[in-house]
Structure formats: structure tokens, C-alpha cells
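Below: the structure, in C-alpha cells.
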Amino acid sequence: MLPPWWITRLRATGTGFGSAWLRAGSSLGPFMVAWIVSGLGMRHVFTAFAVQAVAGAAVTAFVALETKNKSLEELAP
């Protein structure tokens, strides 16, 4: 069992990592839209984002742990 300060540190690291990916996606999204629209058209922008959403859902479904009705102590490695 990890000490409580280590769990807090892991949670903070995970939050920071998620925030970094959010910022990267927010920065790259407009460039991706412009690139797809200029080459393929507006219809394919929605297709590209739908494919990304389905890929994210698949990764979450197969890799993420179920956390419903569990405390942080139960989920800690």
C-alpha cells in the first residue's frame, strides 16, 4: 500500500499529463481542420474527428480500469 502523499503525487501527475494533452490537442486542432478542409473538403473533417473519438473510446474500453464504487485506496497500485 502506498502512503497517502504518494497517491496525491500520482493524482497530480496524472492531472498534469491529461492537461498537457488537452492543450496539445487544442493547439493542433485548428491546423488539422485547415489541412483537411484545404485538401479533402469539410465533410472529411467530421469523419476525421469521428475516427479519433471512436479510437479513444476503444482504447478506454479495453485499457481503462473500472472505478465505479471503489475508493482511491482500492485503486492505488
* Cβ-Cβ below 6 Å, separation at least six or inter-chain, first residue in region 28-45 and at negative phi, second assigned to a helix (DSSP H, G or I) and of a type in the set (G, A, S): which pairs? -> I36/A48
* Applying the selection to region 39-61, what residues are small (G, A, S), over 17 Å from G25 (Cα atoms) and in a helix (DSSP H, G or I)? -> G39, A58, A61
* **Single condition A20 does not satisfy, out of (1) outside any loop (DSSP other than H, G, I, E, B); (2) surrounded by 10 or more Cβ atoms within 10 Å (Cβ to Cβ); (3) over 12 Å from the mean Cα position of the chain (by Cα)** => (3)
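Just one of S38, S71 is modelled with pLDDT under 85 and either of a type in the set (D, E, K, R) or loosely packed, with under 10 Cβ neighbours inside 10 Å (or both); which is it? Give the steps one after another, and end with the answer.
Numbers: S38 fails: modelled with pLDDT under 85.
From the options S38, S71, the qualifying one is S71.
Kindly check whether there is at least one residue in region 49-68 that is more than 15 Å from the chain's Cα centre (by Cα) and surrounded by fewer than 10 Cβ atoms within 10 Å (Cβ to Cβ).
Step one: filter region 49-68 for residues more than 15 Å from the chain's Cα centre (by Cα), giving 66-68.
If we keep only those that are surrounded by fewer than 10 Cβ atoms within 10 Å (Cβ to Cβ) too, we end up with 66, 68.
Yes; the residues of region 49-68 include at least one that is more than 15 Å from the chain's Cα centre (by Cα) and surrounded by fewer than 10 Cβ atoms within 10 Å (Cβ to Cβ).
The values are calculated or read from the model by the stated rules, or taken from the named source; none is laboratory data. The structure displayed is predicted, hence computed values, not measured ones. Every residue, glycine among them, receives a Cβ derived from its backbone with ideal geometry; neighbour counts consider all protein chains shown.
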